[in-house]
């Protein structure tokens, strides 16, 4: 019953937080006003700036910030026990993460849709702007490389997810043209698209899994090309195309469809949790509440819990989505609470479900995967038996988490797999076969990661264009050139030579996976970015004489914890980058911390002098928006 109580209690808590703390932020602190002209109307071009109904932009924003973050992070963090992970997700998402996302969106809305890095130049200093943009550029490069590898890995491990993931793209384009060009409604077509996707889920599971190793003879491992590296290249080509298209062609309708897919899957998972919890099939005691035995090479829970779980509690990447794409599509200011604060709370709810799936769900049973020669390279999932008994409870959980005996061995296939297979166990309680349930959850993960991937490409294009304008590199101010640089650089990082310590039989192969060696940098850098985004929001409020205590506390936390984690990674005596001669990571870490310290010093020197002093106003627009100058909403929205 504890599983059921946590699931229901957390969602009730999120609803209360939205209507209390979220409303206070909206009305008293940020003072949202629908009479204020927002960037989507002021700069409307029907490419990036498009007024959008809040239900549609909610779908884009949520699916972009979620990705695999609230899945991989909690799936790793339960190493330390499910209770610390649950507390950080629940409290962090309400008091820190949702405030971070909401603040970044409002600040961008009131600065013509500029990114937080661009706004920092006026609120803090021009140097701060350049430093912020450099950090954004570095972080997004790693995001693009790693998320490409994440989706490629899912396609390799779960070929049944390939068909439904890719079929969602032409469906989204068709919906975009139907709604925008023909003036049709979006809800009906979206629900129809979800039905088609779930039909393809069934096809992928039982009739047509797309395994390029089996179908086209692409090697599973070894030198390029292998399965993961080929899928990564294909995904980055897709990202280039998707991120230069107008948002109404693919981004908005695809994310809207994916949001409905999420609602369906979360609803099924919740029903499964209710049934499993009420009948006693799902027991949280399969995993320890607070772990007393963890791998000897694991980092300390403090501060690494706050770095490992980012999305689902607080993630710096979210400020890029809020200020990069979402602020350009918000139709009126009052929608900001629903879109930003509400999306973060829903992501927290997803992270709670992941924790339950990786503990109680995994504990419901252990499965083995067998190749199905009759299904085009798919897999069957059968119960794992020991001494004739189905492996359940602590034994099933330990087999996935503790049997590996090393933090370093618990990689992406295990973390994603824990949620997918644990979630499938929940679905099995309501009559969905494990094989089909695994396909349903795998498609959810792949679709989420894909939305984050191409949204991040669009965000990187904005950052490159802003940096190019500052540094006067005119060719890179072109959106096609900036996007090409983004995907080529990400591809290069993803294809770095594999870590020499990676075993030859690693599931990701030995080539086209070296970008993963940069992943340790991203966790701390991402959270430092959240601290710096808090700083920009604090300066915005400070200059207007509004309360900042609720920003200052999480800002301080999100500056100290990531820096502490980065220093531990650099200099701890056993596995630190310095002692292991990993100079590429060491010097990048030094550069990132140096930029952070520089920005903090600039801010502290300025803070006493700017209370109640407004920043310089934005220059007048050179010319009116190219479309929609009457302020009317686009028919696409």
Residues within region 292-307 that are modelled with pLDDT of 85 or more and either on the phi > 0 side of the Ramachandran plot or part of a loop (DSSP other than H, G, I, E, B) (or both), tallied:
2
Check whether at least one residue in region 429-447 is more than 27 Å from residue 396 (Cα to Cα) and either surrounded by fewer than 21 Cβ atoms within 10 Å (Cβ to Cβ) or touching a helix residue (DSSP H, G or I) at 6+ places or on another chain (Cβ under 9 Å) (or both), and report yes or no.
yes
Which listed residue is within 29 Å of residue 149 (Cβ to Cβ), surrounded by fewer than 18 Cβ atoms within 10 Å (Cβ to Cβ), modelled with pLDDT of 70 or more and touching a helix residue (DSSP H, G or I) at 6+ places or on another chain (Cβ under 8 Å), from 384, 414
414
Please determine whether any residue of region 313-332 is surrounded by fewer than 24 Cβ atoms within 10 Å (Cβ to Cβ), more than 16 Å from the chain's Cα centre (by Cα) and over 26 Å from residue 76 (Cβ atoms).
yes
Can you work out which of the residues in region 430-449 that are free of Cβ contacts under 8 Å to residues at least 40 places away in the same chain and outside any helix (DSSP H, G or I) is farthest from residue 159 (Cα to Cα)?
431
Complete set of residues in region 467-484 that are surrounded by 17 or more Cβ atoms within 10 Å (Cβ to Cβ) and within 20 Å of residue 241 (Cβ to Cβ):
476, 479, 481, 482, 483
Please go through region 173-191 and give me each residue that is over 14 Å from residue 257 (Cα atoms) and not in a helix (DSSP H, G or I), ordered by number.
183, 184
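Being assigned to a helix (DSSP H, G or I), in contact with a helix residue (DSSP H, G or I) (Cβ under 9 Å, 6 or more places away or on another chain) and farther than 22 Å from residue 601 by Cβ narrows it down to one of 550, 539, so name that one.
The match here is 550.
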What residue, among those in region 279-290 that are at pLDDT 85 or above and touching a helix residue (DSSP H, G or I) at 6+ places or on another chain (Cβ under 6 Å), is farthest from residue 431 (Cα to Cα)?
290
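Quick check, is residue 189 modelled with pLDDT of 85 or more, crowded, with 23+ Cβ neighbours inside 10 Å, more than 25 Å from the chain's Cα centre (by Cα) and over 21 Å from residue 339 (Cβ atoms)?
Considered against the rule, which asks whether it is modelled with pLDDT of 85 or more, crowded, with 23+ Cβ neighbours inside 10 Å, more than 25 Å from the chain's Cα centre (by Cα) and over 21 Å from residue 339 (Cβ atoms), residue 189 comes out as no.
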Does at least one position in region 257-272 carry a residue that is in contact (Cβ under 8 Å) with a residue 40 or more places away in the chain and in a loop (DSSP other than H, G, I, E, B)?
no
Looking only at residues in region 41-63 that are over 21 Å from residue 260 (Cα atoms) and under 24 Å from the mean Cα position of the chain (by Cα), which one is surrounded by the most Cβ atoms within 10 Å (Cβ to Cβ)?
50
Could you tell me whether region 15-22 includes any residue that is part of a loop (DSSP other than H, G, I, E, B), more than 30 Å from residue 244 (Cβ to Cβ) and in contact (Cβ under 8 Å) with a residue 60 or more places away in the chain?
no
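The values are calculated or read from the model by the stated rules, or taken from the named source; none is laboratory data. These figures come from a predicted structure and were not determined experimentally. Glycine gets a Cβ as well: all are built from the backbone with ideal geometry, and neighbour counts include every protein chain shown.
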